[in-house]
1. At a 10 Å Cβ-Cβ cut-off, how would you order Lys129, Lys134, fewest neighbours first?
2. Under a plain spin-label model, where a point goes 7 Å from the Cα along Cα-to-Cβ, how far apart in nm are Arg125 and Val59?
3. So for Glu244, Glu180, Glu200, fewest C-beta neighbours within 10 Å to most, what's the order?
4. Which order results if Thr240, Thr181, Thr204 are arranged by neighbouring Cβ count within 10 Å, fewest first?
5. Per 0.36 nm of contour for each residue apart, how much would the distance between Lys168 and Leu91 grow if the chain were fully extended, relative to their Cα-Cα spacing?
6. What does the extension gain come out to for Ile246 and Met231, with contour length at 0.36 nm per residue minus their alpha carbon separation?
7. Just to be sure I follow: if Rg is taken over the C-alpha atoms of the stretch 27-91 and Rh is the Kirkwood radius over the same atoms, what is Rg/Rh?
Amino acid sequence: MHRSGAVMAWNVFKFCTALRGLGSIMILLVLGVVGVTYYAVVITNYWPALYEGGFDSFVALCVLALFHGLLGMLLWSYFSVVFTDPGSVPLSWRPAIDEERGESDPLSGSDYSGLQSDSTNPRVRYCRKCNQYKPPRCHHCSVCGRCILKMDHHCVWVVNCVGALNYKYFLLFLFYTFLETSIVTLSLLPHFIAFFSDGEIPGTPGTLATTFLAFVLNLAFALSVLGFLIMHISLVSANTTTIEVISCI
Ligand SMILES: *[C@@H]1O[C@H](CO)[C@@H](O)[C@H](O)[C@H]1NC(C)=O
Ligand SMILES: [Zn+2]
Ligand SMILES: [Zn+2]
C-alpha cells in the first residue's frame, strides 16, 4: 500500500512470506491428522465391520455416517476460517469526531496527537504501522502486517487472523472439531483397550500403530478443543475477545 514505506513493506513481506511457509505446513499437518484418523476409523476398523452383519454392522453404519457428516462440516468450517478475510479497516474510515468538530483531514493535519489525548474521545487510536486510525476493537496483527477489525487472535492452525468476519466460522470449527474428535475417541476406545488385553488382536502392525496414534491424537485434540470452546463461549457471552481480556490483565 502507498501508506507504508517501501523498506517497511519489504520487511513485512519477507516476514509474512516466511510465516506463510510455516502456515502451509500447518494446513498440511491438519490434513495429515485428518488422513491418519480417516485411515484408522474408516479403512482399518469400521468399513470392514460393516460386513460383519447383525448389530456390529448397525454400529459401524452409525459411526461411519456420523464420522463423514461431521468431517464434511469440520473441513467446510476450517477452510472458511482459512480463506475468509478477517476484516480490514475501510480506507475511508475516520473517527466520528472529525465530522462533529468540522476539522480538516486529521491525517494531513498536525493535530491528531491532540485528538488522541482528547478526554471526550479516549477511544480514538492510531496505528503507526498502517498510518491510519483504528476503529474501536480493531488491533494491528504483526503476523498479517495489518490492522484487523475486532481481532481476536492470530491462529497458527488456520494460518489467518480470527477477526470480525470469520469469528463465526472459527466457533463452528471448534464446535465440529470437538464433536468429531469425541466421536473418533469413543469409536476407537474399544480397539485401544484391546491393545492392553491378553487376547489376540487382528490387524497388521501398521494398522495397529495407526489406530493407536489416531486414538491418542484425537483424545488430545478433543480435550484441548473443549477447553478452547468453553473459553470462547464465555468470551462471546461477555461480549469480549481474547485480545481484550489479555490486554486488561
Ligand atoms: C458489545 O460491546 C461493544 C463495545 O465494546 C458495544 O458497542 C456493543 O453494543 C456490545 N454488544 C452487546 C450485544 O452488548
Ligand atoms: Zn495496523
Ligand atoms: Zn494475523
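Throughout, read-outs are computed from the coordinates displayed, never taken from laboratory work. Here the structure is a predicted model, which means the values were calculated and not measured. Using ideal geometry, Cβ is built from the backbone for each residue, glycine included, and neighbour counts are taken over all protein chains shown.
1. Exposure proxy ranking, most exposed first: Lys129, Lys134.
2. The modelled label-to-label distance comes out at 5.3 nm.
3. With the fewest neighbours first, Glu244, Glu180, Glu200 line up as Glu200, Glu244, Glu180.
4. By the 10 Å Cβ count, ascending: Thr204, Thr240, Thr181.
5. Here the segment from Lys168 to Leu91 would lengthen by 25.3 nm.
6. Extending this stretch completely gives an extra 4.1 nm.
7. That ratio is 1.23, to two decimals.
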